[in-house]
1. How big is the charge dipole of the range 61-156 about its Cα centre, in debye rounded to the nearest 20, if each Lys and Arg gets +1 on its Cβ and each Asp and Glu gets -1 on its Cβ?
2. How far is helix 57-68 tilted, in degrees, relative to the longest principal axis of the Cα atoms in the chain, given as a value from 0 to 90 rounded to the nearest 10?
3. Between helix 10-23 and the chain, what is the angle of the helix's C-alpha long axis to the longest principal axis, kept within 0 to 90° and rounded to the nearest 10?
4. Quick one: order 195, 268 by neighbouring beta-carbon count within 10 Å, fewest to most.
5. Which of the three applies to the chain, rounded, prolate or oblate, going by the alpha-carbon gyration tensor with a ≥ b ≥ c and a/c under 1.5 meaning rounded?
6. How long are the semi-axes of the equivalent ellipsoid of the range 214-328, taking √(5λ) for every eigenvalue λ of the Cα gyration tensor, in whole Å from largest down?
7. When the label point is put 7 Å from the Cα of residue 185 along its Cα-to-beta-carbon vector, which residues of the range 242-284 have a backbone N closer than 15 Å?
8. Cα axis of helix 205-228 to longest principal axis of the chain: angle in degrees, 0 to 90, nearest 10?
Amino acid sequence: MSASTDEVPPAIDGLLRAQSAALRRPEDATALTVDDALTAGSALKGKVVVVTGAANGFGRAYANKVAEFGAKVVLSDVRLESVQVVADEVTAAGGQATCIACDVTNWDAQVAMFRHARNTFGHIDVVAANAGIGEPDRARFLDLRKGPDGEPTKPTMPTASVNFTGAAYTAKLAFFHLNENPAKEGKALVILGSMASFSGIPGAPVYSASKHAVLGLFRSLYYDSLVYGIRINIVNPFFVKTGIFGVVPKLLLAGIPLPTVEEVVAAMIAATCKPDSTGSAFVVDFKGILELPSAVYNLDGYYHVFASRAQGLMGWGKWAFDVVSAAVSVFRR
Ligand SMILES: NC(=O)c1ccc[n+]([C@@H]2O[C@H](COP(=O)([O-])OP(=O)(O)OC[C@H]3O[C@@H](n4cnc5c(N)ncnc54)[C@H](O)[C@@H]3O)[C@@H](O)[C@H]2O)c1
């Protein structure tokens, strides 16, 4: 057991073993130690890495780790003062960092954040779409109290906006700016999913739906990433004690060993730069890190034929777009 020294009740221990065994059943699944996962980190030297939600939790720890490997970091968060603290941490440790306020649900704010990254460091090599929130009590989806008109109140669903719309905006801007980077290698988009990308969480339907949605976004963008020469991977942690981890999960998870921030960050580093890993889901549970390559969870058979043909078409589409754009820019000179 990698993550916890807590005494595990025998009944829970059995369930944990069953879940862990099920996850590790596919023969293509590869278990990674933290050291294995960090091995690839040396490739980050001199790279420019953009991180959303960098003021706390995984984003903060990942920012410090990639900076330790020599990357220049662009840190953004809805909380400017807190993300400034992280930028100061990085520079105090000898790294290079810049930070900017950015609410990921605001398209214009994300455009400005990516532009700030380009203006500061010239280009972008890696983007981590990490910002996310849990399901706040004030926005409980199944609040069945009546509104003043006797009808149910409209759900606000901030979790869908931050976790899905925010990540989708980040992904689109990442493709745009990574495509403008002429480097042939080392370009990557890492998305934070969750175990809730695969399972429903009782009492958190919008959180689960948003994390299923980012898994779908990732699976689909995987085909585009091959055309654009961008590595794309998703990291799916089980519950970990960060800012998102409220009192209720703490009570419900009592006695269950949890993975650590260190393990999730190592998985994020592997997702960023492990050679030949693209289209992978890096699951992090109490047993550590497991890489599930795309072959494990993509449908085969006729769907595969459709996907291959569509991908071929996308390749031609990109080529035609590049040729026309180049011709227009020559003509305009
Ligand atoms: N901790 C867990 O148990 C767990 C498990 C699975 C997945 N995740 C995912 O990991 C990611 C990071 O979460 P964490 O656990 O580090 O939580 P955290 O609360 O410690 O950090 C999240 C950061 O995102 C920022 N943020 C929130 N809303 C934002 C917005 N609209 N725009 C920009 N930044 C915003 C917060 O200010 C905070 O700094 C999230 O996507 C989360 O869903 C967490």
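Read-outs: derived from the displayed coordinates by stated rules, not from any lab. Please read all numbers here as calculations on a predicted model, not as lab measurements. Cβ coordinates were reconstructed from backbone atoms using ideal geometry, including for glycine residues, and neighbour counts include every protein chain displayed.
1. On the way: 10 positive and 13 negative charges, 28 e Å.
My answer is approximately 140 debye.
2. 50
3. 20
4. With the sparsest Cβ surroundings first, the list reads 195, 268.
5. Details: a/c = 1.35, a/b = 1.31, b/c = 1.03.
Rounded, since a/c falls under 1.5.
6. 36, 16, 13
7. 273-278
8. Between helix and principal axis, roughly 30 degrees.
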